[in-house]
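A.B. asks: Let me begin by handing over the structure; questions about it come next.
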Amino acid sequence: MGSVRAVWFMACSLVAISVAHSAEVTWKRTEIDPIFRSEGVTAFDVNKDGQVDVVNGEFWYEAPNFIAHEIRPPGKYNGEAGYSNSFACFNHDINADGWNDLIVIGFPGVPCHWFENPQNKAGAWKQREIWHSAANESPQFTDLTGDGKPELVMASETEGMYGYLEIPAGDKLDAPKWTFTAVSTEKIPVGSHRYYHGIGVGDINHDGRKDLVIPHGWWEAPEKLGQGPWEFHPLMLGKDKDPLPAADIHVDDLDLDGDNDIMMSSAHAHGVWWFENVGGNDEPKFTYHLIDEKFSQTHALHYQDVNGDGEKDLITGKRFWAHGPKGDPDPMGEVVMFWYEIHKKKGAAPEFIPHKIEEGTGTGIGTQFFVGDVNGDKLLDIVLSNKKGSNLLTQMRK
């Protein structure tokens, strides 16, 4: 009886710890810029003063007061009837000079570029083309190949293929374009057009290598790169027969049964979902499960540990006016943000506990947003840039 009681008290303690973690999380909003300039954003120390700055596709905002500095001549965008020239932003020291540079995906299907950090010199940042056709509305900048360096992962509409672009060696940085490595040698019938929705990088079959996944299927990473095309496995990541238009796709073992499951959100309709792997590692097959469908246009999805309990959480929100005030389901609905605390239990479905980010309500997300420690307190913050301007949500603890 004593051991049973000890187990019961331990379980109660774990629940109490989890509740305490989530109860401590609050947010403070700082308006960076009220003007619609970009729907992609990143954050990094631009001027090497030890503070993290906010960066969208046209300006960088110098911390701590977020003073605006121009990266390129800004456009004038109409959020009611149009888009910006900045769908996604990433940062990396591209030319290995010790200063982080900026990657901008301007618009799906058109050329994408990187902008060289001018090292505190005045004037516009030097712009270089990366590739002529950056397709898919949720491109990824992550280490797909396992070499410890990030690659730009996306489709190329003109080639009709998915693939990745590695950062060139220093002597090739001034070449007209980076080299596109296709994961398939044949054009695919679906998924490669510029406005296709949904892409992710993760180990689908649990073999220790990262695969590339879209709602229509996944490409299996080979044992050694450069030895032929990646094998494509068709999927139907949807509620019924048809795949669901998605945003960022994440892969993890959510029910602790030894195989990996999938998490997705809806770019333009309602829904945040997870897909249970019911086929195992040898033949992955997935079954649909709903997490939430209270709000629409969850056009970006992060998977990071918000409350510091050692388990990653989902972070998303409503993109304001993805297609203007009439183009999507519930375009005039409350512009909310949520993070979903995930409780895992072996052999059981995970529990997703929603937490409304009150300070994010009214701002929402863009086509992409940034999650990371901006103020140096080791807590994850959220940076947003969208048709309501640019904002910082600083995580606070009571």
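A.B. asks: So D97 clears everything in (1) open to solvent by 30 Å² or more (accessible area, probe 1.4 Å); (2) on the phi < 0 side of the Ramachandran plot; (3) under 23 Å from the mean Cα position of the chain (by Cα); (4) not basic (K, R) except one condition, right? Which one?
C.D. replies: With respect to (1) open to solvent by 30 Å² or more (accessible area, probe 1.4 Å); (2) on the phi < 0 side of the Ramachandran plot; (3) under 23 Å from the mean Cα position of the chain (by Cα); (4) not basic (K, R), D97 is out only on (3).
A.B. asks: Consider L144 against the criteria (1) closer than 20 Å to N391 by Cβ; (2) in contact with a Phe, Trp or Tyr (Cβ under 6 Å, 6 or more places away or on another chain); (3) open to solvent by less than 20 Å² (accessible area, probe 1.4 Å); (4) in a loop (DSSP other than H, G, I, E, B): it satisfies all of them except one. Which criterion is unmet?
C.D. replies: (1)
A.B. asks: Still on this model: List every residue pair whose Cβ atoms lie under 8 Å apart, where the two residues are 6 or more positions apart in sequence or sit on different chains, the first residue falls within the stretch 130-157 and is within 22 Å of K172 (Cα to Cα), and the second residue, located anywhere, is in a strand (DSSP E or B) and of a type in the set (D, E, K, R).
C.D. replies: F141/E151; T142/E151; D143/E151; L144/E151; T145/E151; T145/E166; K149/E166; E151/E166
A.B. asks: Further question: Checking the structure you have, find out if any residue of the stretch 343-352 is in contact with a Gly (Cβ under 8 Å, 6 or more places away or on another chain) and open to solvent by less than 40 Å² (accessible area, probe 1.4 Å).
C.D. replies: No: zero hits.
A.B. asks: Related question: Give the residue that is least open to solvent (accessible area, probe 1.4 Å), with candidates limited to residues of the stretch 148-204 that are more than 22 Å from I249 (Cβ to Cβ) and among the hydroxyl-bearing types (S, T, Y).
C.D. replies: If we take residues in the stretch 148-204 being more than 22 Å from I249 (Cβ to Cβ) and among the hydroxyl-bearing types (S, T, Y), then T158 is least open to solvent (accessible area, probe 1.4 Å).
A.B. asks: Further question on the same structure: Can you tell me which residue is farthest from H193 (Cα to Cα) among those in the stretch 68-94 that are open to solvent by less than 60 Å² (accessible area, probe 1.4 Å) and of a type in the set (A, V, I, L, M)?
C.D. replies: The residue in question is A68.
A.B. asks: So for the stretch 227-235 (the condition being at pLDDT 95 or above, in a loop (DSSP other than H, G, I, E, B) and under 27 Å from K312 (Cβ atoms)), does at least one residue qualify?
C.D. replies: No, every residue in the stretch 227-235 fails to be at pLDDT 95 or above, in a loop (DSSP other than H, G, I, E, B) and under 27 Å from K312 (Cβ atoms).
A.B. asks: Restricting the search to the stretch 261-313, which residues are aromatic (F, W, Y) and open to solvent by less than 30 Å² (accessible area, probe 1.4 Å)? Give the steps one after another, and end with the answer.
C.D. replies: Taking the stretch 261-313 as the starting set, the residues that turn out to be aromatic (F, W, Y) are 273-275, 286, 288, 295, 303.
Answer for the stretch 261-313, where residues must be aromatic (F, W, Y) and open to solvent by less than 30 Å² (accessible area, probe 1.4 Å): W273, W274, F275, F295, Y303.
A.B. asks: Related question: Scan the stretch 100-138 for residues that are open to solvent by 10 Å² or more (accessible area, probe 1.4 Å) and not in a loop (DSSP other than H, G, I, E, B) and report the count.
C.D. replies: Residues meeting the conditions: 8.
A.B. asks: Separate question: Being assigned to a loop (DSSP other than H, G, I, E, B), touching an Asp or Glu at 6+ places or on another chain (Cβ under 9 Å), more than 24 Å from V251 (Cβ to Cβ) and not small (G, A, S) is the requirement here; does L393 meet it?
C.D. replies: no
The values are calculated or read from the model by the stated rules, or taken from the named source; none is laboratory data. Given the structure is predicted, the values throughout are model-derived calculations rather than measurements. When we count neighbours, we look across all protein chains shown, and the Cβ atoms used for this are built from the backbone with ideal geometry, even at glycine. Remember, those area values only see protein heavy atoms, side chains included, never the ligands or the DNA or RNA. Shrake-Rupley method; radii C 1.70, N 1.55, O 1.52, S 1.80 Å.
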